[in-house]
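Only one structure is covered here, and it is reproduced in the block below.
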Amino acid sequence: MSRKITSHDPAAGFFRRLRNTLGPKGMPTDDRGRMRMVLDSMILHIHPAKVDVRTLRFSYTWGLGGLSALLVVMLMSTGVLLEMNYTPSPPQAYLDILNLRTNVWFGELIRNIHHWSANLLVVVSILHLLRVFFTGAYRPPRETNWIIGVVMLLLVLGANFTGYLLPWDQLAFWAITVGTSIVEYVPVVGSWLSNLLLGGPEVSANTLLNFYALHISIIPVSIVMLMSYHFWRVRKDGGLSVPKTTAELAAPEEETTRPERVTTIPHLVRVELIWAVTWIAVMLTVGMLVAAPLEGIANPDISPNPAKAPWYFMGLQELLLHFHPVIAAVLIPVLALGALALLPFYDISLGSVGVYFRSWRGRYLTLIATSLSLFVTPVWVLVDEFALHWTDWLPGWPTWISNGLLPLSLLLLGFYTLQAALRMIFKTNPEERILIGFTYLFVALIVLTIIGIFFRGEGMQLFWPWEIVPAH
Amino acid sequence: MTEINDTNITRRDFLKTAWSVIGGITALEAGALAIAYMQPRLAEGEFGGVLTIGAVEDFPPGSVTHITDGRFYLTRFEDGGFVAIYQRCTHLGCSVPWEQTENMFICPCHNSQFTSDGDVLNPPAPRPLDLFAVSIEEGIVKVDTGNLIVRDQFDPAHVAYAAQENE
Ligand code: HEM
Ligand code: FES
């Protein structure tokens with residue numbers, strides 16, 4: 001019997017009473033005590049007292065959601081420290097970063113950890129999204145959590161983007177200039193919106209202040225609130241979706257074999273701690289070894305050549321080189337994000353939840369879609385760059401049609417033909433077609449991003465990566 | 001309790017609706033207030049206000065002068081007319097340098113090219129460089145950097161002349 005000791009225990013001395021306010025001493029040794037501890041603790045309460053043992057399988061979740069959460073915590077701790085040595089006003093912002101690197105105890109380390117954790121968070125939240133997608137875990141009842149996830153991904157990108165400007169160096173200034181100029185292409189309200197965001201017609205001291213407010217309060221507070229909701233929903237939706245092997249999919253679960261449930265302490269908490277400590281060590285090491293970039297102070301009169309957006313927007317920037325901005329920066333992203341967020345509402349088959357790639361056949365189809373996209377996307381980039389001159393061929397046409405809707409429709413037609421062909425060959429069902437479509441488009445985005453990062457050089461022309469001269 | 005029917009709203013329904021309407025209006029007001037609060041803050045004499053640039057004679061006809069503080073180029077045509085061309089590229093916002101040897105503006109970011117009056121020679125820029133209004137008062141050139149003139153093509157109405165030269 002583990003009865004809770006309160007701080008009012010009259011038998012205890014002063015120090016014991018003080019200590020007892022923190023909670024029971026020592027780890028409970030029986031399962032009842034362990035479950036009590038979870039239920040009694042505020043932080044551990046994000047977990048249920050017991051979990052289905054199958055959901056603990058590492059190769060199901062890859063610990064990606066937990067790692068995202070850890071990175072958010074690390075970003076907040078290092079971010080608060082950075083804030084205390086930073087003035088959001090040019091040119092002091094830049095001088096403060098220099099000071100941080102040379103004069104502040106561990107300033108460089110804190111900055112590096114913040115920088116690399118932020119970049120890793122973008123990668124890890126996208127990987128988490130992929131694992132949720134490929135296991136079908138977004139399907140009912142988890143559709144709300146999927147939408148929250150999409151919103152959090154946007155907030156993570158927003159946090160990164162607003163943080164990018166803060167060092168106020170050339171890299172920051174021009175990446176944000178190019179990135180925010182896209183806003184002006186939003187029909188009707190574009191320039192009004194851009195003016196509001198930048199606090200004027202171009203990136204300036206006002207922009208720095210706006211971005212600072214977004215970066216240190218509005219976005220992180222929203223992320224923390226949504227994260228809490230995200231975790232609460234995992235519990236409300238009955239814990240994680242349960243992984244199934246393809247064999248288990250074929251032979252439907254017998255109700256007689258009741259799932260084995262184990263106590264959260266130690267089974268879940270232990271792996272979470274190991275995982276967290278490992279990644280803290282990794283980030284510390286990276287922070288000690290790899291310096292976050294910093295260029296010369298921002299000079300609004302001299303644009304570097306080439307001026308590139310932050311790496312996670314390179315796919316978008318690559319699209320901008322091929323389509324009229326309204327199509328590339330507004331229509332395509334809005335359609336893609338809409339299709340992503342609403343996924344659980346049109347992909348509604350439930351049978352394969354918990355099975356990676358839906359089925360054995362699904363693995364082959366995923367592989368086929370990946371290979372096709374790996375081939376088609378670079379070829380299309382080259383053809384569009386060197387052989388297609390829509391605006392010259394259709395001189396009288398508005399460019400948002402000739403270099404926008406028209407090529408986009410052709411691409412969509414090609415995409416549809418491909419789906420139809422795969423449907424003929426493999427008799428694909430709806431969930432497989434969604435699997436193929438998502439994989440194909442996601443790989444295309446990755447390819448465009450890689451081309452933007454590694455194959456675009458001076459004047460945003462195509463080069464081999466080893467021929468590119470650094471921006472000047 | 002009276003029956004709820006479609007011709008008669010109950011006291012409770014009325015209050016509910018009234019509260020939602022008041023709540024909605026308050027939310028709208030708060031939103032409008034926040035947006036108004038965030039409007040760009042501009043000041044006279046700095047970029048964003050009216051700048052005094054100099055005497056007309058300082059700028060020879062057929063010249064392009066970079067006014068760094070105002071973030072624009074003052075182009076004076078052969079006929080003596082002035083335009084103030086905002087240096088920000090209409091494609092994605094890079095600062096466009098004037099290349100004297102090539103006699104055009106060439107954007108380093110994605111290679112858009114513009115004539116000395118800002119017209120597009122080479123895309124991807126979708127429209128000519130934007131202008132600021134130039135006024136000439138008693139031989140002194142003034143430029144209002146608070147208002148962008150966005151245009152689709154060259155328009156003679158945007159060119160400012162000193163009074164005596166016009167006659
Ligand atoms: C700041 C970013 C995020 C954090 C900190 C986070 C955290 C977590 C954690 C800790 C879990 C528990 C299981 C696991 O680790 O896989 C989870 C599950 C889940 N997440 Fe996220 N997540 C984030 C972003 C996203 C995104 C971008 C999506 C998708 C659009 C998403 C959708 C889901 C769904 C549907 C589940 C339930 C999965 C299941 O039941 O199998 N989350 N998240
Ligand atoms: S910003 Fe000038 S060409 Fe793109």
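The values are calculated or read from the model by the stated rules, or taken from the named source; none is laboratory data. Nothing here was measured: the structure is a model prediction, and the numbers come from that model. No Cβ is skipped: glycine too gets one built from the backbone with ideal geometry, and neighbour counts run over all protein chains shown. The area values use the complete protein model at the heavy-atom level, side chains included, leaving out ligands, DNA and RNA. Shrake-Rupley method; radii C 1.70, N 1.55, O 1.52, S 1.80 Å.
The single condition among (1) closer than 22 Å to A:Asn210 by Cβ; (2) among the polar types (S, T, N, Q); (3) open to solvent by 50 Å² or more (accessible area, probe 1.4 Å); (4) within 18 Å of the chain's Cα centre (by Cα) that A:Gln92 does not meet is (4).
Residues in the stretch A:50-63 that are open to solvent by less than 30 Å² (accessible area, probe 1.4 Å) and more than 9 Å from ligand 1 (Cβ to nearest atom) were compared, and the one that is nearest to A:His115 (Cα to Cα) is A:Val51. Counting only helices (runs of 4 or more DSSP H) that sit wholly inside the stretch A:141-241, those with at least 3 residues that are within 12 Å of another protein chain (Cβ to nearest Cβ) and over 17 Å from A:Leu82 (Cα atoms) are A:170-181, A:190-198, A:205-213. Screening the stretch B:123-159 for residues that are within 11 Å of chain A (Cβ to nearest Cβ) and polar (S, T, N, Q) and picking the one that is least open to solvent (accessible area, probe 1.4 Å) gives B:Thr145.
Checked against (1) in contact with a Gly (Cβ under 8 Å, 6 or more places away or on another chain); (2) open to solvent by 10 Å² or more (accessible area, probe 1.4 Å), A:Ala339 meets all criteria but (1). With respect to being modelled with pLDDT under 95 and surrounded by fewer than 15 Cβ atoms within 10 Å (Cβ to Cβ), A:Val383 fits the description. Looking at this structure, is A:Val104 hydrophobic (A, V, I, L, M, F, W, C) and open to solvent by less than 20 Å² (accessible area, probe 1.4 Å)? Spelling it out, it is not the case that A:Val104 is hydrophobic (A, V, I, L, M, F, W, C) and open to solvent by less than 20 Å² (accessible area, probe 1.4 Å).
Taking the stated definitions as given, is A:Gly404 within 30 Å of A:Leu435 (Cβ to Cβ), modelled with pLDDT under 95 and either away from chain B (no Cβ under 14 Å) or not in a helix (DSSP H, G or I) (or both)?
So A:Gly404 does not fit the description; no.
Looking across A:Ala292, A:Ala328, one residue alone is open to solvent by less than 60 Å² (accessible area, probe 1.4 Å) and either closer than 27 Å to A:Gly63 by Cα or away from ligand 2 (no atom under 16 Å from the Cβ) (or both). It is A:Ala292. In the stretch A:174-198, the residues that are open to solvent by 10 Å² or more (accessible area, probe 1.4 Å) form Cβ pairs under 9 Å with partners that are within 16 Å of ligand 1 (Cβ to nearest atom), at six or more places apart or across chains, as follows: A:Gly179/A:Phe161. Restricting attention to the stretch A:64-73, does a residue exist that is of a type in the set (A, V, I, L, M, F, W, C), away from ligand 1 (no atom under 14 Å from the Cβ) and either modelled with pLDDT of 95 or more or assigned by TED's automatic domain parsing to the domain that holds A:Val224 (or both)? Among the residues of the stretch A:64-73, not one is of a type in the set (A, V, I, L, M, F, W, C), away from ligand 1 (no atom under 14 Å from the Cβ) and either modelled with pLDDT of 95 or more or assigned by TED's automatic domain parsing to the domain that holds A:Val224 (or both), which makes the answer no.
The residues of the stretch A:232-260 that are touching a strand residue (DSSP E or B) at 6+ places or on another chain (Cβ under 8 Å) and either surrounded by 15 or more Cβ atoms within 10 Å (Cβ to Cβ) or modelled with pLDDT under 70 (or both), listed by number, are A:Gly239, A:Leu240, A:Val242. Of all residues being more than 14 Å from chain B (Cβ to nearest Cβ) and among the basic types (Lys, Arg) in the stretch A:408-456, which is nearest to the chain's Cα centre (by Cα)? Just the residue, please. Among those that are more than 14 Å from chain B (Cβ to nearest Cβ) and among the basic types (Lys, Arg), it is A:Arg433. Pairing each residue of the stretch A:323-337 that is of a type in the set (Ser, Thr, Tyr) with any residue that is at pLDDT 95 or above and open to solvent by less than 40 Å² (accessible area, probe 1.4 Å), provided the two are 6+ apart or on different chains, yields no C-beta distance under 8 Å.
When residues of the stretch A:208-231 are filtered for being of a type in the set (Phe, Trp, Tyr) and either open to solvent by 50 Å² or more (accessible area, probe 1.4 Å) or touching an Asp or Glu at 6+ places or on another chain (Cβ under 7 Å) (or both), how many remain? Talk me through it step by step, then tell me what you get.
First pass over the stretch A:208-231, keeping only residues of a type in the set (Phe, Trp, Tyr): A:211-212, A:229, A:231.
Retained after the next criterion (residues that are either open to solvent by 50 Å² or more (accessible area, probe 1.4 Å) or touching an Asp or Glu at 6+ places or on another chain (Cβ under 7 Å) (or both)): A:229, A:231.
The number of residues fulfilling the criteria is 2.
Criterion first (in contact with a helix residue (DSSP H, G or I) (Cβ under 6 Å, 6 or more places away or on another chain), touching a residue at least 12 places away in the same chain (Cβ under 8 Å), within 14 Å of chain B (Cβ to nearest Cβ) and not in a loop (DSSP other than H, G, I, E, B)) does A:Gly459 satisfy it? No.
Taking the stretch B:37-121 as the region of interest, the strands (runs of 3 or more DSSP E) fully inside it that hold 1 or more residues being open to solvent by 20 Å² or more (accessible area, probe 1.4 Å) are B:50-55, B:63-67, B:104-106. The residue that is nearest to A:Ser228 (Cα to Cα), among those in the stretch A:141-158 that are among the aliphatic types (A, V, I, L, M) and open to solvent by 20 Å² or more (accessible area, probe 1.4 Å), is A:Met152. Of the residues screened, A:Pro395 is not one that is touching a helix residue (DSSP H, G or I) at 6+ places or on another chain (Cβ under 9 Å) and assigned to a helix (DSSP H, G or I).
The test for being out of contact with any Cys (no Cβ under 8 Å at 6 or more places or on another chain), within 14 Å of ligand 2 (Cβ to nearest atom), at positive phi and away from every other protein chain (no Cβ under 11 Å) does not hold for B:Gly80.
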